[in-house]
Structure formats: C-alpha cells, structure tokens
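Everything below concerns the one structure shown next.
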Amino acid sequence: MIKWLPYLIDLTSILIWLKLQFRTIMTLSRWQLVTLISTIIYIIVVSYLTLAPTSVAFVGPQQVVPLMVAGAPVNLIPFWSTTADFYQNVLMMLPLGVYVALIKPEFKLKKVFFSGIVISTAIEAMQFVLDITVGLSRWVDINDVLTNALGVLVGWGMIFILKKTPLKKIICRFCITGFR
C-alpha cells in the first residue's frame, strides 16, 4: 500500500490546487474549461504511468544492463538501447507540449525545451527516490528525459504551427492565461 502513497499525494495535490483556483476557474469559458479538465485528466494519467507501482512492462525486455544505484536500476547512457518505449515516451509527453502552448502561450522554444527537460528530470528523480524508499520498481533512464522533452517540443510545435493557419481563432478559444 505504501507504494501507492506518491500517486495518492499527487491526486490530493491536484484537488487542493483546484480548490485554491476555484474563483479563477469559474471565470473560464467552456472552451477553456475543456483545456483545464483535459489537462487535469492528462496529469492524473501521466502520474499513474510514472508514479504508480507496476510489475508490468509496456515494452519487451531491456537490452541494457542497468547501473544499480542503491538498488535502483539506472541507465545514464543516451540511446544505448532504443525500444518501443522511446516512441511511447514521446507520445506520452506530446499532450504536455500542447497544454504548455495553450496555458502558457507566451513561452518560446527555449523555455518550452527547458520546461520539458525540467519536468522529465523531475519525473525520473521522483522515480529514483521512490524506487529507493518504497521499492517502486521503475527504471531511471536518461533516454526517458530526452524523449519526454522531445514529446513536449513536438506537441508545442504542433500548436505553434497551427496558430499560423486559419485555425488560430479556434485554437485561441482554448488558451488559458492567469493561472499560478
């Protein structure tokens, strides 16, 4: 049960944030609420995929022998082994890039890339700490950081390009500003 604690803390944090942002949320349009609700669902799903304990691998056996650090498997060699999880990580983080473009439209490429690296590093760091403390059974992998950041860039880039088309008016309806 203790292995589920990080995920449950994450869910609780989301509920607290929603309560604190209630006044701002009530001023959003229907389109902006779609963005907010889908962002929250996305965060819950990614939290589950990255912080919940699992004994099921979504890909085949790893081709890399990990470095064991305090009992946690770690791969610090980029692109040593690229399996299906390479593409899965890009796809998993692609919506985050879309949400960054919709929630922080003022972000430019450099800031989006930095955000992707920071968020991906935070996920891997949490997995490392949780693997050591509660036995989460997750790999810590530099490839995950790189592919997650790539996914954020691709998602952001899609919205960036679409904003230069006649779809700009529709996309801007989903944009949210003013959240802390």
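The values are calculated or read from the model by the stated rules, or taken from the named source; none is laboratory data. Predicted, not measured: the structure shown is a model, and the values here were computed from it. A quick note on method: Cβ atoms are made from the backbone with ideal geometry, for glycine too, and the neighbour counts reach across all protein chains shown.
Scan region 79-100 for residues that are in contact with a helix residue (DSSP H, G or I) (Cβ under 6 Å, 6 or more places away or on another chain) and modelled with pLDDT of 90 or more and jot them down.
So the first thing to find is which residues in region 79-100 are in contact with a helix residue (DSSP H, G or I) (Cβ under 6 Å, 6 or more places away or on another chain), and the list is 86, 89-90, 93-100.
Matches in region 79-100: Val90, Met93, Leu94, Pro95, Leu96, Gly97, Val98, Tyr99, Val100.
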Exercise for review: Scan the helices (runs of 4 or more DSSP H) fully inside region 1-57 and keep the ones with 1 or more residues being free of Cβ contacts under 8 Å to residues at least 40 places away in the same chain, in contact with a Pro (Cβ under 9 Å, 6 or more places away or on another chain) and charged (D, E, K, R).
Suggested key: none
Exercise for review: State whether the residues of region 9-30 include one that is modelled with pLDDT of 80 or more, over 22 Å from Pro105 (Cα atoms) and of a type in the set (D, E, K, R).
Suggested key: yes
Practice item. Output the residues belonging to region 93-117 that are farther than 18 Å from Ile44 by Cα, part of a helix (DSSP H, G or I) and among the aromatic types (Phe, Trp, Tyr). Key: Phe113, Phe114
Check your understanding: Is there a residue in region 108-117 that is of a type in the set (A, V, I, L, M), closer than 22 Å to Thr39 by Cβ and over 13 Å from the mean Cα position of the chain (by Cα)?
Key -> yes
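For the structure I just gave you, tell me whether Ala149 is over 20 Å from Asp10 (Cα atoms), of a type in the set (A, V, I, L, M), surrounded by 15 or more Cβ atoms within 10 Å (Cβ to Cβ) and touching a residue at least 60 places away in the same chain (Cβ under 8 Å).
On the way: over 20 Å from Asp10 (Cα atoms): yes; of a type in the set (A, V, I, L, M): yes; surrounded by 15 or more Cβ atoms within 10 Å (Cβ to Cβ): yes; touching a residue at least 60 places away in the same chain (Cβ under 8 Å): no.
The answer is no for Ala149.
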Review point. Got a sec? Which of Ser120, Ser137 is in a helix (DSSP H, G or I), closer than 18 Å to Asp10 by Cβ, touching a residue at least 24 places away in the same chain (Cβ under 8 Å) and of a type outside the set (Val, Ile, Thr)?
Key: Ser120
Exercise for review: Give me a count of the residues in region 156-176 that are surrounded by fewer than 16 Cβ atoms within 10 Å (Cβ to Cβ) and assigned to a helix (DSSP H, G or I).
Suggested key: 8
Study note, to complete from the structure: Scanning region 70-89 for residues that are buried (at least 20 other Cβ atoms within 10 Å of the Cβ) and part of a helix (DSSP H, G or I), the one farthest from the chain's Cα centre (by Cα) turns out to be Asp85
